[in-house]
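One structure below.
The values are calculated or read from the model by the stated rules, or taken from the named source; none is laboratory data. All figures in this text were calculated on a predicted structure; none of them were measured in a lab. Cβ: placed from backbone, ideal geometry, glycine included. Neighbour counts: every protein chain shown.
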Amino acid sequence: MPDWTSRASTIVSSAGLLFTLAISGNSGDVGVTTDADGDGVLTSGTRVREGERRDRREPHPVARTRAMDPGECSLAELTANPGVAFWCSAAIGESAGCAEDERFRVPYLRSVWDATTGAWGPWTLYRDAGCEGDGDPGEGDVGAEVEREIKRLELKGSPLGRSPGTAVTYVQTDTIVWTDAVPQVFDLTILGQAVELEMTPVQFSWDFGDGSRPLVTTKTGGPYPDKSVSHVYTRLETVQIRLTTTWSGRYRLAGSQAWLPVSGMATTTSVDEPLELREYRTRLVAGPLAD
């Protein structure tokens, strides 16, 4: 039997799922502050106004996978992979030299949805052909593929709210920040099975841009008069607030009510617009002030 080696180089090891997506826009960098309980606080990336919340449920599946069709054996970009080449040259459905307790796994292809063009991308090799144990892909197989898929997801940064909402704030006063904990939901097709993936923010780290230690918290905070997540600046300078959100994931197969955890975490970073720090000044005047 030929020696085939998987060359699906786009498949990343599922070990160590911690990764960072940097997102910038009309939002601000974060500095450090403590909340009412002494916890650190964080906010997400897209800038929102006071009281505004954002629904981040994805309206369209982001990826799909399927078994390769024998008619695609004419595609050179696929047959360049040794497992695919052997599968295309062998009699489809035969054991292909696998051990008695194994079966021959057909190649799987993957297509990614392009939100810019509004169309599916080309089918590319997702998993090369090879031998594996009998049986259809189980929860363990799907779970491993989900963990790989997380690294390819375009997670949106958490929304970042700030009060005052102008480009100016004042030292020695509370600058209030907040975000939300709305999950992001993705509809995927993994190994031919429909999968619902939910990513939920579990921790926020606020960097207020003034050299102070980041404020890390599980609280989302809220607009004034909620001061549970706020910061007091002490120097006259221009800063940017940066919010790093840590996300945990869970998934379930279509038709199942049972959620299964995803190993590891993902992070996104949201950056606020530049914020000028000023100070209030008082002075004595002779006589009453005009209205």
Quiz item: Taking region 228-242 only, how many residues are in contact with a Pro (Cβ under 9 Å, 6 or more places away or on another chain) and surrounded by 14 or more Cβ atoms within 10 Å (Cβ to Cβ)?
Solution: 3
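This table checks each residue for (1) modelled with pLDDT of 95 or more; (2) in contact with a Ser or Thr (Cβ under 8 Å, 6 or more places away or on another chain); (3) under 30 Å from Phe204 (Cα atoms).
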| position | (1), (2), (3) |
| --- | --- |
| Gly249 | no, yes, yes |
| Ala258 | no, no, yes |
| Val262 | no, yes, yes |
| Ser270 | yes, yes, yes |
| Glu276 | yes, yes, yes |
Self-check item: Meets criteria (modelled with pLDDT of 95 or more and either touching a helix residue (DSSP H, G or I) at 6+ places or on another chain (Cβ under 6 Å) or farther than 12 Å from Tyr233 by Cβ (or both)) for Leu215
Solution: yes
Exercise. Could you check, for region 126-136, whether at least one of its residues is farther than 30 Å from Ala258 by Cβ, over 22 Å from the mean Cα position of the chain (by Cα) and among the acidic types (Asp, Glu)?
Key: yes
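Quick grid of which residues meet (1) touching a residue at least 60 places away in the same chain (Cβ under 8 Å); (2) among the hydroxyl-bearing types (Ser, Thr, Tyr); (3) within 24 Å of Glu276 (Cβ to Cβ):
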residue: Lys151; (1), (2), (3): yes, no, no
residue: Pro159; (1), (2), (3): yes, no, yes
residue: Pro164; (1), (2), (3): no, no, yes
residue: Ala167; (1), (2), (3): yes, no, yes
residue: Val182; (1), (2), (3): yes, no, no
residue: Gln193; (1), (2), (3): yes, no, no
residue: Glu196; (1), (2), (3): no, no, no
residue: Phe208; (1), (2), (3): yes, no, yes
Quiz prompt | Pick from region 243-273, criterion under 15 Å from Val195 (Cβ atoms) and of a type in the set (Gly, Ala, Ser), ranking: surrounded by the most Cβ atoms within 10 Å (Cβ to Cβ) | solution = Gly249
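Looking at Thr220, is it β-branched (Val, Ile, Thr) and closer than 24 Å to Glu149 by Cβ?
Answer is no for this residue.
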Quiz prompt | Filter result (more than 16 Å from Asp174 (Cα to Cα) and surrounded by 16 or more Cβ atoms within 10 Å (Cβ to Cβ)) within region 201-213 | solution = Pro201, Gln203, Phe204, Ser205
Self-check item: Positions within region 206-262 being in contact with a His (Cβ under 6 Å, 6 or more places away or on another chain) and charged (D, E, K, R), in sequence order
Solution: none
Self-check item: Only listed residue being more than 24 Å from the chain's Cα centre (by Cα), of a type in the set (Val, Ile, Thr) and either closer than 16 Å to Gly192 by Cα or at pLDDT below 75 (or both), chosen from Val84, Val106
Solution: Val106
Self-check item: Members of region 151-177 found to be assigned to a strand (DSSP E or B) and more than 19 Å from the chain's Cα centre (by Cα), listed by number
Solution: Gly161, Arg162, Ser163, Val168, Thr169, Tyr170, Asp174, Thr175, Ile176, Val177
Exercise. Consider Pro164 carefully, then state whether it is at pLDDT 80 or above and touching a Lys or Arg at 6+ places or on another chain (Cβ under 9 Å).
Key: no
Quiz item: Is it true that Glu198 is under 18 Å from the mean Cα position of the chain (by Cα) and surrounded by fewer than 20 Cβ atoms within 10 Å (Cβ to Cβ)?
Solution: yes
